[in-house]
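Have a look at the structure below before the remarks.
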Amino acid sequence: MAVFVDMNIMNCTEVKRLQSVIDTAAHLGYSTVAINHVADFEKKKMEIGKPILPAELFPSLPIVQGKSKPIKIVTRLTIIASDPSHCNVLRSTSPSTRLYDIVAVYPKTEKLFHAACTNIDVDLICINVTEKQPFFFRKPPINAAIQRGIFFELVYTPAIKDSTLRRYTISNALSLMQFCKGKNIIVSSAAERPLEMRGPYDVATLGLLFGLSEGAAKAALSTNCRAALLHGETRKTAFGIVYTMKKPCSEEEAEPVCKKAKKE
């Protein structure tokens, strides 16, 4: 059974509303959600605060529908910017950045989009879905991002709110698909209210309108999200993560070791 993730639950000042959105996510079958703290450097130079912790929201976490396990809550930082210099705060050595499990950038210009794909230390690149894309996508930076293990995020909430926003969402998504071919795509909600959320299978169906295949649409809510979280872990450690597994040896390999142990 697939493990579904919503990588974008918008942080808000109303704690009860945020609790309600996370409760809804668990009821819909999402096993993991990311609370998204947004810093808009387009408006002013902002200080990046500490992320909200699960213990500050729930004495006991909501149980995921059909899983009998509590939902997992991770933290995410999104920088909205137009110039690569705004993203200096995203260095892996930055104390504020290391507090977050996922770091994303919302590039408003082609220059920043290219920098995010090729050298800025992020896990996600957010694609504009609320207006006509201000620049054309190009294959070299997108391929560079895919090779670096960076994912592109499409949010679906605007597409269910308004017909004009739906056209922008689908158009910008299809433009991206021409070059990434459905690879390294994440679809999330950016929900601020419970009514804005949809179940994972409904979102996967919506992903077909974005130009995703059935398998890629499902991966955009599950395996790709887990890969992005793993990418976030490697970013925080700077050197990466090594997983070890004990390999059972054969009887022939084990016998000399046993005999040597007896002699000693």
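The values are calculated or read from the model by the stated rules, or taken from the named source; none is laboratory data. These numbers come from a predicted model, not from an experiment. Ideal geometry is used to build each Cβ from the backbone, glycine not excepted, and the neighbour counts take in all protein chains shown.
Working carefully through the options 128, 143, 119, find the one that is in contact with a helix residue (DSSP H, G or I) (Cβ under 7 Å, 6 or more places away or on another chain) and surrounded by fewer than 21 Cβ atoms within 10 Å (Cβ to Cβ).
128
Could you tell me whether the stretch 92-109 includes any residue that is assigned to a helix (DSSP H, G or I) and closer than 27 Å to residue 180 by Cβ?
Yes, because at least one residue in the stretch 92-109 is assigned to a helix (DSSP H, G or I) and closer than 27 Å to residue 180 by Cβ.
Just checking, does the stretch 132-151 include any residue being of a type in the set (Val, Ile, Thr) and at pLDDT below 90?
Checking the stretch 132-151: not a single residue is of a type in the set (Val, Ile, Thr) and at pLDDT below 90.
Starting from the stretch 170-185, keep only residues that are at positive phi, then list their pairs with residues that are exposed (fewer than 15 other Cβ atoms within 10 Å of the Cβ) whose Cβ atoms are within a distance under 8 Å, requiring at least 6 positions of separation or different chains.
Note: pairs meeting the criteria are 182/213; 184/149.
Assuming residue 154 fulfils every condition listed in (1) of a type outside the set (Asp, Glu); (2) surrounded by 15 or more Cβ atoms within 10 Å (Cβ to Cβ); (3) in contact (Cβ under 8 Å) with a residue 40 or more places away in the chain; (4) in a helix (DSSP H, G or I) apart from one, which condition is it?
Status for residue 154: all satisfied but (4).
Among the residues of the stretch 96-109, write down those that are among the charged types (D, E, K, R) and either closer than 22 Å to residue 226 by Cα or in contact with a helix residue (DSSP H, G or I) (Cβ under 9 Å, 6 or more places away or on another chain) (or both).
Of everything in the stretch 96-109, those that are among the charged types (D, E, K, R) and either closer than 22 Å to residue 226 by Cα or in contact with a helix residue (DSSP H, G or I) (Cβ under 9 Å, 6 or more places away or on another chain) (or both) turn out to be 98, 101.
Would you check if there is a residue in the stretch 115-122 being among the acidic types (Asp, Glu), closer than 19 Å to residue 5 by Cα and touching a Ser or Thr at 6+ places or on another chain (Cβ under 9 Å)?
No: zero hits.
What tally of residues in the stretch 110-151 results from selecting those that are within 26 Å of residue 236 (Cβ to Cβ) and not in a helix (DSSP H, G or I)?
13
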